[in-house]
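What follows is a single structure, and I will ask about it in a moment.
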Amino acid sequence: MQNPVIEKLRTGGCVGAMWATLGSPTVAELMVQEGIDALVFDMQHGLWTRPTLEAAIGMTRAKATPLVRTQDDSFFAIGNALDSGALGIIVPMVESAEQAKRVVAAAKYPPEGRRSSGGIRPAIDMKADLPKTNAAIFVAVMIETAAGVENAAAIAAVPGIDMLFIGPFDLSVATGTFPDLGPKHEAAMQSVLQAARKAGKFCGLFTPGVTMAADRRLQGFQLVILAYDQDLVQTPSKASIRRYNGAPGKDLIKDAVALVTGCNRGIGPETVRALLKAGARKIYVGARKLDGIKSLLAEAPDRLQAMEIDVTNGAQIAAAVETARDVTLLVNNGGINFNTPLFAINGTDNARREMEVNYFGTLAMCRAFQPILKANGGGAIVNMLSILSHVNLPLMGSLCASKAALYSLTQALRAELKAQDTHVMGVLPGAVETDMTAGVNVPKIQPSYVAAAIVDGLHRRAEEIYPGDMAAGVFYGLSGDPKAVEHEFANYLPEARL
Ligand code: 3PY
Ligand code: MG
């Protein structure tokens, strides 16, 4: 009988574990499909019963070594967990060496302890397995109280204890730092790590996510938690409902006075049409070349007004501010895309120009119109981002960087303009049928579709919208596995040209 957890610890490795608390064998099975060092079944706070635990261990042990956080430190709780097939126990709330000795005694058969022999799995081949079991059982005790921290060295010294495992949440309650952790809490945790090391024992801790787990591994902790099932279900569920519902409030389009930049072609003109239809009182139609918007202006001459505006031209922005003092809705649609990778072209001129127009141009417009929006009751700003704000498509790497910068800017705007009640919405479509994507051979949505989504998003006071299959699908992928999407997009470099 072997225990891969003990083997990994002995070679200096850090055991990565999933943590299952919901009591569902199916969820547990799904969590470890990728294969991972260990799966901890939480019988202290979790919903496992003896039969569900037994079933779940059977369903998962080929993919992850089963460990159980026991219901308590009692002889029978520990015996039950091990009889179910767990190869290790994590015993909560251990505060003294005496208590630790009792834990070891419950976990080991005589002569090292007094574990009772029985159970279904241990009896499958008891004659062969029992003599080898003691050495294969991993024993961890949880340090999660002030007394536990105080006595950590004595607890670690108890023969048969393999690991001190810290419970940061209970520890924060016990040390009075909850809900924040802070330096006092961290010092307590580090003192436990040192106590374990001095005794030649391992130290682990509960971490609620993989980035924290990797960071603690760096510090020398040797059992960390990558994810736990309640969080995997609850957090995205809550986020989805909030995103779907938006935040009802005052209509941002009816009777609005809008200014839409970039109306020479593409999404701009369609946005103007959609806003007109949705009840905007007046729209300044911003364009770098006024010749190109004549026919659009003719569609509603009494409600549309031409405005010559290049968002990188300070004088034109200043003139726009003088003219358009009644604006309540600023749509920063104007942008540029050279469709170029970072290295396949000479120099960084394209990258700089994209940043100049998409990022600094939008920023200049927001700064110029902020006082006007404030004076007019708050209103709204709409920024034309892209799904590529969230993940780089190296085919047009510098454009993506400018859109990522613009996404970040949009977040800052939302925060800074909250006090003046200006709603800020980001628009993140995938490929849209415009001149900008003329050479890109992927399914595209129509500009009118994006315009309709903008109107809908403003009605719902959404903070972000993802119009079309591509954007919505990529966002879905990014929320589950952003690295997989990044690697997928990396494949769209036509050829290595370095
Ligand atoms: C704690 O942080 O107290 C724990 O028990 C982790 O589950
Ligand atoms: Mg705890």
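The values are calculated or read from the model by the stated rules, or taken from the named source; none is laboratory data. Model, not experiment: these values are computed from the prediction. Don't worry about glycine lacking a Cβ; one is built from the backbone with ideal geometry, like all the others, and counts go over all protein chains shown. These area figures cover heavy atoms from the full protein model, side chains too; ligands, DNA and RNA do not enter into them. Shrake-Rupley method; radii C 1.70, N 1.55, O 1.52, S 1.80 Å.
How many percent of the alpha carbon pairs in region 1-139 exceed a separation of 28 Å?
Values: 1043 of 9591 pairs.
The proportion of pairs with Cα distances above 28 Å equals 11 percent.
In addition: First obtain the Kirkwood hydrodynamic radius of region 347-498 from its Cα pairs, then insert it into the Stokes-Einstein equation at 20 °C and 1.002 mPa s, and state the resulting D in µm² per second as a whole number.
Details: Rh = 16.5 Å.
Stokes-Einstein gives a translational diffusion coefficient of 130 µm²/s.
From the residues Ala280, Met307, Ala324, which one has its Cα farthest along the dipole of region 222-329 in the positive direction, the dipole being from +1 and -1 charges on Cβ of Lys/Arg and Asp/Glu about the Cα centre?
Highest projection toward the positive end goes to Ala280.
Along Cα→Cβ, 7 Å out, is where each label goes; now give me the distance between the ones at Glu488 and Lys254 in nm to one decimal.
Roughly 4.0 nm, to one decimal.
In square nanometres, what is the average projected area of the Cα convex hull of the chain? The partial results should precede the final answer.
On the way: hull surface 114.3 nm².
Seen from a random direction, the Cα hull of the chain projects 28.6 nm² on average.
Right, next: Lysines within cross-link reach of Lys403: Cα-Cα under 20 Å, excluding same-chain residues under 8 positions apart?
Lys444, Lys483
Further question on the same structure: What's the long-distance tail for region 102-191, i.e. % of Cα pairs beyond 21 Å? Provide the component values of the computation, followed by the final result.
On the way: 1830 of 4005 pairs.
Summing the P(r) tail past 21 Å for region 102-191 gives 46 percent.
Pairs to check: Lys184/Lys418; Lys101/Lys201; Lys63/Lys238. Give those whose C-alpha atoms are more than 23 Å from each other in this structure.
Working: Lys184/Lys418 35 Å; Lys101/Lys201 15 Å; Lys63/Lys238 29 Å.
Long pairs (Cα-Cα over 23 Å): Lys184/Lys418; Lys63/Lys238.
Just from the alpha-carbon atoms, what are the Rg and Dmax of region 48-112 in angstroms?
Looking at region 48-112, its Cα Rg and Dmax stand at 12.2, 36 Å.
Hey, another quick one. Let me test this: with uniform point scatterers at the alpha carbons of region 199-240, what is the Debye-based log₁₀ I(q)/I(0) at q = 0.19, 0.21, 0.22 1/Å?
-0.59, -0.66, -0.70
Projected onto the charge dipole of the chain (+1 at Lys/Arg Cβ, -1 at Asp/Glu Cβ, origin at the Cα centre), which of Ala419, Ile225, Ala239 gives the Cα projection farthest towards the positive end?
With unit charges placed on the Cβ atoms, the residue in question is Ala419.
To continue, here is another question. So if I place +1 on the C-beta of Lys and Arg and -1 on the C-beta of Asp and Glu, and nothing else carries charge, what would the dipole magnitude of the chain be about its Cα centre? I want it in debye, nearest 20.
Working: 47 positive and 48 negative charges, 32 e Å.
Value, rounded to 20: 160 debye.
While we're on this one: Testing the spin-label approximation: label points 7 Å from Cα along Cα→Cβ at Asp481 and Met59. State their distance in nm.
About 2.1 nm, to one decimal.
Report, to the nearest 10°, how far helix 447-459 tilts away from the longest principal axis of the Cα atoms in the chain, using its own Cα long axis and a range of 0 to 90°.
With rounding to tens, the tilt is 70 degrees.
Compute, for region 371-498, the length of the dipole vector about the Cα centre, with Cβ point charges of +1 (Lys, Arg) and -1 (Asp, Glu) only. Units Debye, rounded to 20.
On the way: 9 positive and 12 negative charges, 67 e Å.
So the dipole magnitude of region 371-498 works out to roughly 320 debye.
A follow-up question, please. Stick to Cα atoms and the Kirkwood definition of Rh, then tell me Rg/Rh for region 233-338.
1.09
Same structure, new question: Rounded to the nearest 500, what is the 222 nm mean residue ellipticity of the chain from helices alone, with -39500 (n - 2.57) per DSSP H run of 4+ residues and division by all residues? Mind dumping the intermediate values first?
Numbers: 21 runs with 216 residues, N = 498.
Computed ellipticity for the chain at 222 nm equals -13000 deg cm²/dmol.
Right, another one. Top to bottom by accessible area (1.4 Å), largest first, where do Glu7, Glu186 land?
Details: Glu7 90, Glu186 55 Å².
Result of the area sort, largest leading: Glu7, Glu186.
Then there is this: So how much slack lies between Ala472 and Gln316, counting 0.36 nm per residue of separation and subtracting their Cα-Cα distance, in nm? Walk me through the numbers on the way to the answer.
Numbers: separation 156, 0.36 × 156 = 56.16 nm, distance 3.59 nm.
Extending this stretch completely gives an extra 52.6 nm.
Hey, which lysines would be in cross-link range of Lys132, C-alpha to C-alpha under 17 Å, not counting anything within fewer than 8 residues on its own chain?
Lys108
Further question on the same structure: Please compute the length gained on full extension between Ser240 and Gln219, using 0.36 nm multiplied by the number of residues separating them and subtracting their Cα-Cα distance. Before the final figure, lay out the partial values.
Working: separation 21, 0.36 × 21 = 7.56 nm, distance 3.46 nm.
Value of the extension gain: 4.1 nm.
Here's a follow-up. Which one of Gly334, Ile267, Ala100 has its Cα pushed farthest toward the positive end of the charge dipole of the chain, where Lys and Arg give +1 and Asp and Glu give -1 at the Cβ?
Going by the charge dipole, the pick is Ala100.
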